[in-house]
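These notes are about the structure you will find just below.
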Ligand code: 5GP
């Protein structure tokens, strides 16, 4: 696809603060939109349909897979997560940057379909800090936190597939670092 927009993939373990980083990027970067994923998991408190996710049934998700409606999808924590293809293609064609907040398996697939995508992995300053943030979030019980930690270890072990790893210690610095990565890329410095 010949467009000026960049496909920006942001991954990182649950609790690392990806959502906040993405919100700040969207406010600061011109012509940049977020792709809203579909999921079969239940909404958490405060999550809104069409903003956090499109919350759909497993049947609808499987149907959308059959129809080729996803750019990528993956299945973990016993739920499906997927990126609707149409929105991403349309926005890139309009020369917009599109942010995907997706897991490492999805990122790998995106790399195959869009070799020019920019893959960013966001990690916590330490595993202890990640545990603290997950507990602080308070939306999940300990068993679920355990499974998210296991998944976090898996995600972080895949960071070598990414173009950059950014440690989210200080939010402002993290966002500034990502903006500078994008600026350099645009200038062709990479
Ligand atoms: P959560 O349930 O905490 O919202 O998300 C769990 C994981 O699913 C996170 O790592 C998140 O980045 C990932 N995720 C969210 N949407 C998608 C998607 O569309 N595709 C893929 N592959 N992963 C996703």
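The values are calculated or read from the model by the stated rules, or taken from the named source; none is laboratory data. This is a predicted model, so every value here is computed, not measured. Because the Cβ atoms are built from the backbone with ideal geometry, glycine has one as well, and the counts that use them run over all protein chains shown.
Which numbered condition trips up residue 144, out of (1) away from the ligand (no atom under 14 Å from the Cβ); (2) out of contact with any helix residue (DSSP H, G or I) (no Cβ under 7 Å at 6 or more places or on another chain); (3) over 26 Å from residue 89 (Cα atoms)?
(1)
Being more than 29 Å from residue 169 (Cα to Cα), surrounded by 13 or more Cβ atoms within 10 Å (Cβ to Cβ) and away from the ligand (no atom under 13 Å from the Cβ) narrows it down to one residue among 118, 92; which is it?
92
What number of residues within region 32-49 are modelled with pLDDT under 95 and within 21 Å of residue 92 (Cβ to Cβ)?
0
Output yes when any residue across region 11-21 is at pLDDT 95 or above, farther than 22 Å from residue 145 by Cα and not in a loop (DSSP other than H, G, I, E, B), and no when none is.
no
For region 136-168, give me each residue that is farther than 15 Å from residue 25 by Cβ and at pLDDT 95 or above.
Matches in region 136-168: 162, 163, 165, 167.
I'm trying to understand the selection: among the residues of region 23-54, which are within 23 Å of residue 154 (Cβ to Cβ) and more than 10 Å from the ligand (Cβ to nearest atom)?
Passing the criteria: only 40.
In the set 115, 84, which member is in contact with a helix residue (DSSP H, G or I) (Cβ under 9 Å, 6 or more places away or on another chain) and free of Cβ contacts under 8 Å to residues at least 60 places away in the same chain? Reasoning before the result, please.
Numbers: 115 fails: in contact with a helix residue (DSSP H, G or I) (Cβ under 9 Å, 6 or more places away or on another chain).
Result: 84 is the single residue among 115, 84 that is in contact with a helix residue (DSSP H, G or I) (Cβ under 9 Å, 6 or more places away or on another chain) and free of Cβ contacts under 8 Å to residues at least 60 places away in the same chain.
Quick one: count up the residues across region 145-171 that are more than 15 Å from residue 16 (Cβ to Cβ), touching a residue at least 40 places away in the same chain (Cβ under 8 Å) and assigned to a helix (DSSP H, G or I).
2
This table checks each residue for (1) surrounded by fewer than 17 Cβ atoms within 10 Å (Cβ to Cβ); (2) touching a residue at least 12 places away in the same chain (Cβ under 8 Å); (3) farther than 22 Å from residue 133 by Cα; (4) in contact with a helix residue (DSSP H, G or I) (Cβ under 7 Å, 6 or more places away or on another chain).
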{"site": "8", "(1), (2), (3), (4)": "no, yes, yes, no"}
{"site": "13", "(1), (2), (3), (4)": "no, yes, no, yes"}
{"site": "26", "(1), (2), (3), (4)": "yes, yes, yes, no"}
{"site": "45", "(1), (2), (3), (4)": "yes, yes, no, no"}
{"site": "51", "(1), (2), (3), (4)": "yes, yes, yes, no"}
{"site": "59", "(1), (2), (3), (4)": "yes, no, yes, no"}
{"site": "71", "(1), (2), (3), (4)": "no, yes, yes, yes"}
{"site": "77", "(1), (2), (3), (4)": "yes, yes, no, yes"}
